[in-house]
């Protein structure tokens with residue numbers, strides 16, 4: 001890597017740490033980067049504005065420094081008592097979140113539902129393929145974090161589940 005690419009990588013690492021992003025993958029041409037920070041919870045990915053990262057990456061592609069994202073709203077601190085011990089189900093891919101198989105049909109899973117590991121919770125559409133997202137934990141759905149019909153990012157929290 002040349003010195004400019006190293007500088008860009010350092011800026012990216014600083015951005016990821018500042019926004020408490022636990023994992024990140026980047027592929028640009030023949031360059032592949034995978035970052036994983038052990039001390040950061042995967043659920044923290046919801047606490048940043050994805051457009052900030054897009055600006056950073058596009059700025060890196062041009063060789064210019066990314067603008068500071070000081071106007072981004074700060075995420076509210078999670079209620080420790082409320083969310084203690086909850087398991088976060090995240091999106092394994094980038095795509096569009098759907099809570100039901102088709103419009104007018106019931107949602108796969110709703111808040112308050114008791115689910116088993118392997119229960120289909122939703123669909124994430126990516127490149128015209130419908131990907132069923134299954135729970136990896138048995139328990140009760142406490143909160144749906146994604147909005148039906150809206151885009152989701154890789155690693156974005158979709159549901160909070162209270163394990164049995």
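Which of (1) within 21 Å of the chain's Cα centre (by Cα); (2) at pLDDT 95 or above does residue 114 not meet, given it meets every other one?
It fails just one condition, (1).
For the stretch 91-102, does any single residue satisfy the condition of being within 29 Å of residue 10 (Cα to Cα), modelled with pLDDT under 95 and surrounded by fewer than 11 Cβ atoms within 10 Å (Cβ to Cβ)?
No.
Which one of the conditions (1) loosely packed, with under 15 Cβ neighbours inside 10 Å; (2) farther than 16 Å from residue 87 by Cβ does residue 136 fail to meet, given that it meets all the rest?
Condition (2) is where residue 136 drops out.
Six or more apart or on different chains, Cβ under 6 Å: which pairs go from a residue in the stretch 147-164 that's without any contact (Cβ under 8 Å) to a residue 60 or more places away in the chain to one that's surrounded by fewer than 16 Cβ atoms within 10 Å (Cβ to Cβ) and in a strand (DSSP E or B)? Could you list them?
From the stretch 147-164, the pairs are 151/96.
The values are calculated or read from the model by the stated rules, or taken from the named source; none is laboratory data. Not measured: the values here are computed from a predicted model. In this analysis, Cβ positions are derived from the backbone assuming ideal geometry, glycine residues included, and neighbour counts consider all displayed protein chains.
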